[in-house]
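Remarks on the structure that follows.
Here, each number is a calculation from the coordinates, and none is a lab measurement. All values reported here derive from a predicted model rather than from experimental measurement. Positions of Cβ are generated from backbone atoms using ideal geometry, with glycine treated the same way; all protein chains shown enter the neighbour counts.
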């Protein structure tokens, strides 16, 4: 769950600054970041694909992500992950169960503010290739992580992230393809809180 969430926030907020990035990659990321940070809200329809050729695994599903500041709502395959920036609710539809956690304050916590301040210190960026339609940038963590690299594809005309792929150390890749990207839609703050009364009989597991 954490890996999925972290990558999706990367699609929204991208990266603000990379002291160790080459100049071209730095310019691209700065332009995309400036544009995406200006949006009040964002809605993304995406396709997720997990692939491991050695183990003959190829799974995929579709989902939707809503974001407003540090608040978000992520819906996919019978699950919802909702956060108001302080609390995270993970709802499992089939089990009618919700797990409640505080938002983590470590470097990998799933909030735009934390990611914006940590990516610039923890990753190196390199421009791999570009053409008339897209630019592909590789991000490599400076410190040991459970993945080796991240590939970000940028739509050159729209100056937005169109896909992101995480490569982990066991040979698996996790790709998130943006199918639809909408901005500045009117979302109420109440959208980013889990109302127990709206889920009759829900089993509440409070892990705070």
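For a quick protection proxy, order the peptides 66-72, 136-142, 194-200, 92-98 by their average other-Cβ count within 10 Å, most packed first.
66-72, 136-142, 92-98, 194-200
For 191, 160, 50, what ranking results if the residue with the fewest other Cβ atoms within 10 Å of its Cβ goes first? Intermediate values should be presented prior to the final figure.
Working: 191 14, 160 20, 50 17.
Placing the least packed residue first, the sequence is 191, 50, 160.
What is the fewest-to-most order of 166, 57 by other Cβ atoms lying within 10 Å of their Cβ?
The most exposed by this proxy come first: 57, 166.
Would you mind computing, in nm to one decimal, how far apart the modelled labels at residue 55 and residue 97 are, each placed 7 Å from Cα along Cα→Cβ?
Here the modelled spin labels are 2.2 nm apart.
Please rank 206, 155, fewest neighbouring Cβ atoms within 10 Å first, as an exposure proxy.
206, 155
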